[in-house]
Amino acid sequence: MKAVCWHGANDVRVETVPDPKILNPRDVILRVTATTICGSDLHIYDGFIPSMQPGDIIGHEFMGEVVEAGSEVKKLQVGDRVVVSSIIGCGQCFFCNQQMWSLCDNSNPNSWMQEPLFGFGTSGIFGYSHLFGGYAGAQAEYVRVPFADYGAVKVPSDLPDEMILPISDAFPTGYMGADFCNIQPGDTIAVWGAGPVGLFALKSARLLGAEKVIAIDRIPERLQLAREFAQADTIHYEEVDAGEALKEMTGGRGPDGCIDAVGMEAHGMGAMGLYDKVKQTVRLETDRPHVLRQMMLACRKGGTVSIMGVYAGFIDKMPMGAIVNKALTVRMGQMFGQKYIPMLLDRVINGEVDPSKVFTHQLPLNDAKQAYEMFKHKQDNCIKVLLKP
Ligand SMILES: NC(=O)c1ccc[n+]([C@@H]2O[C@H](COP(=O)([O-])OP(=O)(O)OC[C@H]3O[C@@H](n4cnc5c(N)ncnc54)[C@H](O)[C@@H]3O)[C@@H](O)[C@H]2O)c1
Ligand SMILES: [Zn+2]
Ligand SMILES: [Zn+2]
């Protein structure tokens, strides 16, 4: 089959590789009908995720049709059309039972590799390095889905792929970011980053009852989509100081909830921005925490900072004083896909949200290299690319 293989920073290739096989009776094999590139894939593409090996198949946001089912699969049959959580959960452990699927104790065979870094190992993720299980990714014609009864959710046949696909990863991530903010009537929620995850965070904050949502980015077409898709107010952070603007837009009090939908490659400004860039480049700091620092300062006293952007390792100069003295609640995580996917699917089916709005491009899987470059550099006003194997 054809698959997108990683060969180093800024080097992905569409190659012919062996087809996946059922390895465990609870697996299914999926024929991927649609997949896409996530901001998290850019961290791999840019070479910031450790433990990648040349030839690894990447990609974790996908949907498709079941073509083979293991003997212990109970809920799915050959021919079913499904959307699959990017996070792999066993459905049986302490963490899966509490709906904290990305903390699964059983789905990451390499969790020992994480222990020195994180203290305990976390779940596996499709196509997301050996640290996260070494699973083959889904930017491919076929993919093996372990624990399929829990990760793969049947979808109706009358909705097009582009309406369903973001329910695999970007939509539940944005939703969880908003959910963490414990939104109350009248609340204002500010979201850093108006990429796909940020757009879904803005929309989800609205679904959860936020009165005002504010998008912060510097890419005009993304800010424009934030206005259309989530009726957001917007801040172009290169034109105005985001912290000052937020104060003004919230009557001097600051947003009740602040969501990071940017992550470890935040574009920084000023002396601190340069400091992070240099330290990350020479690997003295794994992540650039520009947005985190800004959120801690901008958030209202007693508010919530919700981090959905991915950070991999260590950061410098976190304003602990602001977090402690302002009594901030800080929540974060890889998303708990299986917890949110059925509810989000219902919201799409009943017409509350049309996730297809985030797609600006569709390309054949064969053009993955071009798609990565376009998404990374925001060429041709690219916001999200659907890849058709
Ligand atoms: N926690 C999870 O489970 C999970 C799941 C999916 C994605 N993610 C993460 O969410 C983040 C966003 O993903 P995406 O697909 O939307 O990516 P994306 O790269 O399309 O979007 C990031 C956006 O952040 C903006 N940005 C950069 N620096 C900024 C700054 N200083 N202030 C404000 N905005 C800034 C960029 O212009 C861009 O529009 C990534 O870090 C990704 O790894 C996390
Ligand atoms: Zn993702
Ligand atoms: Zn589990």
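Each reported figure results from applying straightforward, stated rules to the coordinates on display, with no laboratory input. Since the model is a prediction, treat every value here as computed from it, not as a measurement. Cβ: placed from backbone, ideal geometry, glycine included. Neighbour counts: every protein chain shown.
Arrange the peptides 166-172, 76-82 so that the one whose residues have, on average, the most other Cβ atoms within 10 Å appears first.
Packing proxy ranking, top to bottom: 166-172, 76-82.
Compare the peptides 63-69, 383-389, 7-13 by average per-residue count of other Cβ atoms within 10 angstrom and give them in order, highest first.
Numbers: 63-69: 19.7, 383-389: 21.6, 7-13: 13.6.
Descending mean neighbour count gives 383-389, 63-69, 7-13.
For the chain, build the charge dipole from Cβ charges (+1 Lys, Arg; -1 Asp, Glu) around the Cα centre, then report which of Ala34, Ile167, Asn182 sits farthest towards its positive end.
So the residue furthest toward the plus end is Asn182.
Express in % the proportion of alpha carbon pairs of the chain at distances exceeding 25 Å. Working shown, then result.
Numbers: 39913 of 75466 pairs.
Of the Cα pairs, 53 percent sit more than 25 Å apart.
About the Cα centre, and with charges only on the beta carbon of Lys, Arg (+1) and Asp, Glu (-1), how big is the dipole of segment 293-370? Nearest 20 debye, please.
Dipole about the Cα centre, nearest 20: 460 debye.
Roughly what would the spin-label model give for Asn182 and Thr329, points 7 Å off Cα along C-beta, in nm?
The answer from the label model is 0.2 nm.
Enumerate the amide H contacts of Met63 below 5 Å, restricted to partners 5 or more residues apart or on another chain; note that Pro and chain-start residues carry no placed amide H.
Result for Met63 returns Thr33, Ala34.
Putting +1 on Lys and Arg Cβ atoms and -1 on Asp and Glu Cβ atoms, find which of Asn325, Trp112, Leu223 reaches farthest to the positive end of the dipole of the chain.
Farthest towards the positive pole: Asn325.
DSSP loop GluC sites (Glu not before Pro) in segment 213-268 with at most 16 other Cβ atoms within 10 Å of their Cβ, which ones?
Listed in order of number, the matching sites are Glu238, Glu239.
Show log10 I(q)/I(0) for segment 173-332 at q = 0.14, 0.20 Å⁻¹, two decimals, from a solvent-free Debye sum over equal Cα scatterers.
-0.62, -1.29
One-quarter of the Cα convex hull surface for segment 317-389, in nm²?
8.7 nm²
Once the cut-off is 17 Å, how many percent of the Cα-Cα pairs in segment 192-231 end up in the long-distance tail?
On the way: 116 of 780 pairs.
Considering segment 192-231, 15 percent of its Cα-Cα pairs are separated by more than 17 Å.
Please list the equivalent ellipsoid semi-axes of segment 23-130, computed as the square roots of five times the alpha-carbon gyration tensor eigenvalues, in descending order and whole angstrom.
Semi-axis lengths for segment 23-130 are 24, 20, 12 Å.
Could you give the nm distance between label points at Gln99 and Lys154, where each point is 7 Å from its Cα heading toward the beta carbon?
2.3 nm
Suppose the chain between Thr281 and Asn381 were pulled fully straight at 0.36 nm per residue; how much longer would it get relative to their current alpha carbon spacing?
33.3 nm
Let me have the 222 nm mean residue ellipticity of the chain computed from DSSP H runs of 4+ only, each contributing -39500 (n - 2.57), with the sum over all residues rounded to the nearest 500.
Here the helix-only value at 222 nm equals -8000 deg cm²/dmol.
To the nearest 20 debye, what charge dipole does the chain have about its Cα centre, counting +1 at the Cβ of each Lys and Arg and -1 at the Cβ of each Asp and Glu?
Numbers: 36 positive and 45 negative charges, 113 e Å.
In total the dipole reaches around 540 debye.
Would you mind working out the magnitude of the charge dipole of segment 173-332 relative to its Cα centre, with +1 at each Lys and Arg C-beta and -1 at each Asp and Glu C-beta, to the nearest 20 Debye?
Its charge dipole is roughly 340 debye.
Quick one: Karplus J couplings for segment 119-136, per residue in order, coefficients 6.51, -1.76, 1.60, θ = phi - 60°, nearest Hz, x for Gly and Pro?
3J(HN,Hα) across segment 119-136, in whole Hz: x, 9, x, 10, 6, x, 9, 4, x, 10, 6, 6, 4, 9, x, x, 6, 5.
Starting from the amide H of Arg331, placed 1.01 Å from N in the peptide plane, find each other amide H under 5 Å away whose residue is 5 or more places distant or on another chain.
So Arg331 has HN proximity to Val305, Ser306, Ile307.
Could you pull out every residue, at least 5 positions away or on a different chain, whose amide H is within less than 5 Å of the one on Glu141? Hs are placed 1.01 Å off N in the peptide plane, and Pro or chain starts have none.
Close amide H contacts, sequence-distant or interchain: Lys2.
Could you tell me which of Phe314, Ala210, Gly243 has its Cα farthest along the dipole of segment 203-357 towards the positive end, charges placed at Cβ (Lys, Arg +1; Asp, Glu -1), taken about the Cα centre?
Highest projection toward the positive end goes to Phe314.
What FRET efficiency comes out for Met272 versus Gln77 if R0 is 41 angstrom and r is the Cβ-Cβ distance? Round to the nearest 0.05.
Computed FRET efficiency for Met272 and Gln77 comes out at 0.15.
Enumerate the calculated ³J(HN,Hα) couplings along segment 318-333 in order (Karplus 6.51 cos²θ - 1.76 cosθ + 1.60, θ = phi - 60°), each rounded to whole Hz, writing x wherever the residue is Gly or Pro.
Result, rounded to whole Hz: 7, x, 4, x, 5, 4, 6, 6, 8, 6, 7, 9, 10, 10, 5, x.
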